[in-house]
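Visitor: Before I ask anything, let me first share the structure, which is written out below as structure tokens.
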Amino acid sequence: MLIPALLVTVLAAPPAAAPKDAVKALQVWVQRQQRANREFDRDAEKQLIKLLDELRIVRNGQPERGQEVDLALLDLGGLNWLPRPERKAARAADDRRSMASSLGIERVEKRLNKDTQDELKEWLAVDVVARPKEHPTMRRVVAADLLYRKHAEGTLTALLASARDPDPLVRETVRRALAGWKDPQVHLFFLEQLERDNAPLSIGLEHLHATKGSLGPQALERLRSHVGKLYVSGDWRDAARAGKLVQILDIDRAAPILIESLATWTRRIEEGEGSRRIQHEIVEELQRVSGRSIGPFPERWNMWWKAVREGRIETAEEEQRDGGGGLSNATFFGLRPVTDKVIFVIDRSGSMQAGFGTTGRSRYEEAVEQMLTFLEKLGEETKFGVTLFNQTGTRWRTGLVKATKGNRTGIRRWLLGKKPDGGTQLREGIRTGLELTRDDTIDVRRTDADTVIVLCDGATAEGSGWVRPWLLRANDEAQLVFHCVQIGSTGDGTLETLAAETGGDYVRIDG
């Protein structure tokens with residue numbers, strides 16, 4: 001494929017007389033590829049090389065046409081534009097259309113890096129992004145994407161206005177460009193969006209973490225109020241979001257909220273309406289900010305906080321260490337997830353027939369036995385689901401069922417009746433287990449689980465490139481945590497990424 005060498009070829013090409021319609025010719029080329037909606041052939045690739053060289057000549061010889069050239073390059077960038085997290089995967093897959101888009105973006109980006117007077121940045125924001133009647137959507141999206149973390153003062157008003165654009169793709173791309181900007185107006189904007197649940201949590205978190213030191217008392221108080229409301233919501237997903245936002249607050253603002261929330265969720269668990277995962281996450285955050293390991297006991301945390309406020313923390317005799325911070329004593333290949341609503345996604349590819357250590361069982365049989373023991377220790381009120389995957393996904397039952405003795409017997413019989421064979425399509429297992437919609441999103445109305453445990457014993461057929469983009473798009477609302485087990489040493493990074501991006505644990509087992 002010639003595309004990876006395109007930029008070098010274009011820059012090294014000798015000067016030539018550019019045709020008068022070079023800009024128009026590139027726009028026609030892009031329009032033709034958009035209509036084709038497929039990989040272009042080598043002739044089209046060679047034509048693109050020639051057109052990019054001719055555009056360079058136009059810019060050098062006719063500087064007054066510079067904006068025309070940039071608009072044509074923005075259109076090339078929009079041919080198969082992908083959000084930043086997905087571009088690396090597209091490059092790894094040698095996606096020719098995406099590589100062509102990258103060339104258009106890179107040509108403008110090189111000029112941006114030399115734009116010391118911010119003229120190009122301001123033109124992109126004010127004259128392209130903020131003018132929906134004059135420019136097509138993808139041109140505006142690419143322009144906004146080019147302004148990611150550029151934060152030029154003259155672009156702020158235009159970007160803040162465009163961050164409320166009716167088009168969701170423009171809106172999200174502009175918000176990513178604003179994230180991390182240490183300006184009170186930007187803080188206020190993101191806080192408003194979080195309060196209205198009107199923006200992806202990931203973007204708001206990116207901004208708040210990047211600007212934590214510049215948030216003033218007013219912004220922090222507003223965030224504290226929002227976090228407090230989320231934590232006591234009856235929806236565990238709201239509390240999961242609160243658990244990520246509370247990390248922005250100082251200990252004086254965070255500790256009282258955490259202690260009150262721990263009491264609320266502990267009471268709900270006692271009433272059969274709570275979430276052990278949320279209770280555990282609150283305890284973990286209290287331990288992080290306090291340096292203490294008191295456990296899931298609100299009254300003891302209240303005593304600790306009283307001692308802190310009175311300046312006698314060293315002599316707080318009421319503190320009792322439980323050493324585990326509320327961790328479950330149930331384990332699955334060494335993992336200790338705390339949950340009462342869990343889905344297992346287990347590999348049943350042919351390689352799972354291999355023996356597991358000296359147990360006398362196969363890897364697959366060991367996974368079955370460890371899962372059953374884990375469920376038994378979690379208790380019969382725990383709800384669970386199981387999905388197997390090889391080249392397809394197969395689910396035991398729709399929805400979650402309680403881990404009663406009868407259901408554990410039923411799932412054991414079903415699992416041992418399925419013999420390992422075939423390939424390793426982990427993504428199919430996740431699609432089936434979470435009952436994903438046609439566009440691979442998670443319908444939270446149908447997904448009761450708060451935790452997914454994945455076991456796989458080798459490299460997956462899809463690789464790891466899809467994981468982060470999918471999680472950013474699909475897990476913002478669902479707030480699932482993935483805990484992952486890899487058996488053997490031939491993984492491809494998929495399990496590590498699933499766990500790391502959702503706050504779960506990953507373990508590799510030699511077996």
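Visitor: Tell me whether region 378-389 contains one or more residues that are touching an Asp or Glu at 6+ places or on another chain (Cβ under 9 Å), touching a residue at least 12 places away in the same chain (Cβ under 8 Å), of a type outside the set (A, V, I, L, M, F, W, C) and at positive phi.
Guide: For region 378-389, residues touching an Asp or Glu at 6+ places or on another chain (Cβ under 9 Å), touching a residue at least 12 places away in the same chain (Cβ under 8 Å), of a type outside the set (A, V, I, L, M, F, W, C) and at positive phi: present.
Visitor: Within region 467-477, identify whether any single residue is touching a residue at least 24 places away in the same chain (Cβ under 8 Å) and part of a loop (DSSP other than H, G, I, E, B), and answer yes or no.
Guide: Start the filter on region 467-477 by keeping residues that are touching a residue at least 24 places away in the same chain (Cβ under 8 Å), which leaves 467-477.
Then drop every residue that is not part of a loop (DSSP other than H, G, I, E, B), which leaves none.
For region 467-477, residues touching a residue at least 24 places away in the same chain (Cβ under 8 Å) and part of a loop (DSSP other than H, G, I, E, B): absent.
Visitor: May I pose another question? Looking at 436, 498, 426, which one is surrounded by 23 or more Cβ atoms within 10 Å (Cβ to Cβ), closer than 15 Å to residue 387 by Cα, at pLDDT 90 or above and among the hydrophobic types (A, V, I, L, M, F, W, C)?
Guide: Working: 436 fails: surrounded by 23 or more Cβ atoms within 10 Å (Cβ to Cβ); 498 fails: closer than 15 Å to residue 387 by Cα.
The conditions single out 426.
Visitor: Pairs under 7 Å by beta carbon, first residue outside the structural domain of residue 237 (by TED's automatic domain parsing) in region 422-447, partner in a helix (DSSP H, G or I) and among the small types (Gly, Ala, Ser), six or more apart or different chains?
Guide: 422/350; 440/474; 441/474; 442/474; 442/478; 444/478; 447/478
Visitor: Now, a different point. For the structure I just gave you, tell me whether residue 89 is out of contact with any strand residue (DSSP E or B) (no Cβ under 7 Å at 6 or more places or on another chain), over 21 Å from residue 465 (Cα atoms), of a type in the set (A, V, I, L, M) and at pLDDT below 90. Explain how you work it out, then say what you get.
Guide: On the way: out of contact with any strand residue (DSSP E or B) (no Cβ under 7 Å at 6 or more places or on another chain): yes; over 21 Å from residue 465 (Cα atoms): no; of a type in the set (A, V, I, L, M): yes; at pLDDT below 90: yes.
The answer is no for residue 89.
Visitor: Still on this structure, please answer the following. Any residue that is modelled with pLDDT under 95, in contact with a helix residue (DSSP H, G or I) (Cβ under 7 Å, 6 or more places away or on another chain), among the β-branched types (Val, Ile, Thr) and surrounded by fewer than 18 Cβ atoms within 10 Å (Cβ to Cβ) - is there at least one of those in region 341-358?
Guide: So far as region 341-358 goes, no, none of its residues is modelled with pLDDT under 95, in contact with a helix residue (DSSP H, G or I) (Cβ under 7 Å, 6 or more places away or on another chain), among the β-branched types (Val, Ile, Thr) and surrounded by fewer than 18 Cβ atoms within 10 Å (Cβ to Cβ).
Visitor: Tally up the residues in region 414-445 that are in a helix (DSSP H, G or I) and of a type in the set (D, E, K, R), please.
Guide: Start the filter on region 414-445 by keeping residues that are in a helix (DSSP H, G or I), which leaves 414-416, 426-433.
Adding the requirement that they be of a type in the set (D, E, K, R) leaves 427-428, 431.
Adding up the residues that qualify gives 3.
Visitor: Would you mind finding the one in 278, 294, 248, 257 that is over 30 Å from residue 181 (Cα atoms), aliphatic (A, V, I, L, M), crowded, with 18+ Cβ neighbours inside 10 Å and at pLDDT 95 or above?
Guide: On the way: 294 fails: at pLDDT 95 or above; 248 fails: over 30 Å from residue 181 (Cα atoms); 257 fails: over 30 Å from residue 181 (Cα atoms).
When all the criteria are applied, what remains is 278.
Visitor: Shifting gears a bit: Among the residues of region 35-54, is there at least one that is surrounded by fewer than 21 Cβ atoms within 10 Å (Cβ to Cβ) and touching a Ser or Thr at 6+ places or on another chain (Cβ under 6 Å)?
Guide: Yes: one or more hits.
Visitor: Test residue 398 against the stated conditions and say whether it is more than 23 Å from residue 340 (Cα to Cα), touching a strand residue (DSSP E or B) at 6+ places or on another chain (Cβ under 9 Å), of a type in the set (S, T, N, Q) and not assigned by TED's automatic domain parsing to the domain that holds residue 277. Don't jump to the end; show me each part of the working.
Guide: Details: more than 23 Å from residue 340 (Cα to Cα): no; touching a strand residue (DSSP E or B) at 6+ places or on another chain (Cβ under 9 Å): yes; of a type in the set (S, T, N, Q): yes; not assigned by TED's automatic domain parsing to the domain that holds residue 277: yes.
For residue 398, the condition - more than 23 Å from residue 340 (Cα to Cα), touching a strand residue (DSSP E or B) at 6+ places or on another chain (Cβ under 9 Å), of a type in the set (S, T, N, Q) and not assigned by TED's automatic domain parsing to the domain that holds residue 277 - is not met.
Visitor: For region 227-247, does any single residue satisfy the condition of being of a type outside the set (Val, Ile, Thr) and over 30 Å from residue 273 (Cβ atoms)?
Guide: Here is the first cut: in region 227-247, the ones of a type outside the set (Val, Ile, Thr) are 228-231, 233-245, 247.
Then keep just the ones that are over 30 Å from residue 273 (Cβ atoms); that gives none.
No, the conditions are met nowhere in region 227-247.
Visitor: Within region 130-170, how many residues turn out to be surrounded by fewer than 19 Cβ atoms within 10 Å (Cβ to Cβ) and acidic (Asp, Glu)?
Guide: 3
Visitor: Let me ask you something else. Between 195, 206, 221, which is at negative phi, at pLDDT 95 or above, surrounded by fewer than 19 Cβ atoms within 10 Å (Cβ to Cβ) and among the acidic types (Asp, Glu)? Step through it out loud before you land on a result.
Guide: Working: 195 fails: at pLDDT 95 or above; 206 fails: at pLDDT 95 or above.
221 is the lone residue from the list that is at negative phi, at pLDDT 95 or above, surrounded by fewer than 19 Cβ atoms within 10 Å (Cβ to Cβ) and among the acidic types (Asp, Glu).
Visitor: Looking for something under 16 Å from the mean Cα position of the chain (by Cα), outside any loop (DSSP other than H, G, I, E, B) and surrounded by fewer than 23 Cβ atoms within 10 Å (Cβ to Cβ) - is there at least one such residue anywhere in region 480-489?
Guide: Looking through region 480-489, none of the residues is under 16 Å from the mean Cα position of the chain (by Cα), outside any loop (DSSP other than H, G, I, E, B) and surrounded by fewer than 23 Cβ atoms within 10 Å (Cβ to Cβ).
Visitor: Continuing with the same structure: Find the residue count for region 147-172, including only residues that are free of Cβ contacts under 8 Å to residues at least 60 places away in the same chain and closer than 17 Å to residue 112 by Cβ.
Guide: Number satisfying all stated conditions: 11.
Visitor: With the checklist (1) surrounded by fewer than 19 Cβ atoms within 10 Å (Cβ to Cβ); (2) modelled with pLDDT of 95 or more; (3) under 22 Å from residue 502 (Cα atoms); (4) polar (S, T, N, Q) in hand, flag the one item residue 451 doesn't pass.
Guide: (1)
Visitor: Can I ask one more? Select from region 371-389 the residues that are part of a helix (DSSP H, G or I) and within 29 Å of the chain's Cα centre (by Cα) and write down the one among them that is farthest from residue 455 (Cα to Cα).
Guide: Within region 371-389, the first condition is being part of a helix (DSSP H, G or I), and the residues that meet it are 371-378.
Adding the requirement that they be within 29 Å of the chain's Cα centre (by Cα) leaves 371, 374-375, 378.
On the way: 371: 10, 374: 14, 375: 15, 378: 19 Å.
Of everything passing the filter in region 371-389, 378 is farthest from residue 455 (Cα to Cα).
Visitor: Here is a follow-up. Quickly run through region 446-465 and pick out the residues that are under 19 Å from the mean Cα position of the chain (by Cα), hydrophobic (A, V, I, L, M, F, W, C) and assigned to a loop (DSSP other than H, G, I, E, B).
Guide: Here is the first cut: in region 446-465, the ones under 19 Å from the mean Cα position of the chain (by Cα) are 447, 449-454, 462-465.
Now narrow it down to the ones that are hydrophobic (A, V, I, L, M, F, W, C): 449, 452-454.
Residue satisfying the conditions is 449 alone.
Visitor: Right, here's the next one. State which residue pairs qualify: first residue closer than 16 Å to residue 155 by Cβ and without any contact (Cβ under 8 Å) to a residue 40 or more places away in the chain and inside region 176-194, second residue among the β-branched types (Val, Ile, Thr) and outside any helix (DSSP H, G or I) in any location, beta carbons under 6 Å apart, and separation of 6 or more residues or different chains.
Guide: 182/211
Visitor: Would you pick out the residues in region 489-500 that are in contact with a strand residue (DSSP E or B) (Cβ under 8 Å, 6 or more places away or on another chain) and of a type outside the set (A, V, I, L, M, F, W, C)?
Guide: Within region 489-500, the first condition is being in contact with a strand residue (DSSP E or B) (Cβ under 8 Å, 6 or more places away or on another chain), and the residues that meet it are 489, 491, 494-496, 498-500.
Residues satisfying the conditions are 489, 491, 494, 496.
The values are calculated or read from the model by the stated rules, or taken from the named source; none is laboratory data. Just so you know, these numbers come straight off a predicted model, no measurement behind them. In this analysis, Cβ positions are derived from the backbone assuming ideal geometry, glycine residues included, and neighbour counts consider all displayed protein chains.
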